[in-house]
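Let me begin by presenting the structure, written as structure tokens, before commenting on it.
Derivation of every value follows stated rules applied to the coordinates shown; laboratory data play no part. As the structure is a prediction and not an experimental result, all values here were calculated from the model.
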């Protein structure tokens, strides 16, 4: 959920990253807590569970950790160099 505080935090992070020469990658968080970080299966019925268990491959971890790892994997995918030029 993108609210004003979240927007301001992202803008501040981007500003300080630019000031220091760092790259800040803005990754959308849709489905990151519902998607298995091992097999990619999207689990639609998590409810309010704090734990993620993939019904497809059995992978299990805390839902917040799975979501954070999913965001990291999206950032890697979005910034991957596929043609050999770095």
Problem set entry | Relative contact order [Cα under 8 Å, 6+ residues apart], the chain, whole percent | 25
For this session: Would you please classify the overall shape of the range 30-80 from the alpha carbon gyration tensor, given that a ≥ b ≥ c denote the square roots of the eigenvalues, rounded means a/c under 1.5, and beyond that prolate means a/b larger than b/c while oblate covers the rest?
Result: prolate
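Compute the relative contact order of the range 30-80 as a whole-number percentage, counting only Cα pairs closer than 8 Å that sit 6 or more residues apart in sequence. Please report the intermediate quantities before stating the final value.
Values: 61 pairs, mean separation 18.8, N = 51.
So the answer I get is 37 percent.
What is the extension gain from residue 69 to residue 4, computed as 0.36 nm multiplied by their sequence separation minus the C-alpha to C-alpha distance, in nm to one decimal? Display every interim value, and only then the final one.
Details: separation 65, 0.36 × 65 = 23.40 nm, distance 2.46 nm.
Fully extending the segment from residue 69 to residue 4 adds 20.9 nm.
Please give the calculated 222 nm ellipticity per residue for the chain, where each DSSP H segment of at least 4 residues contributes -39500 (n - 2.57) and the sum is spread over every residue; nearest 500 deg cm²/dmol? Write down the numbers at each step before the final one.
On the way: 2 runs with 34 residues, N = 86.
Taking each H run of at least 4 residues, the total per residue is -13500 deg cm²/dmol.
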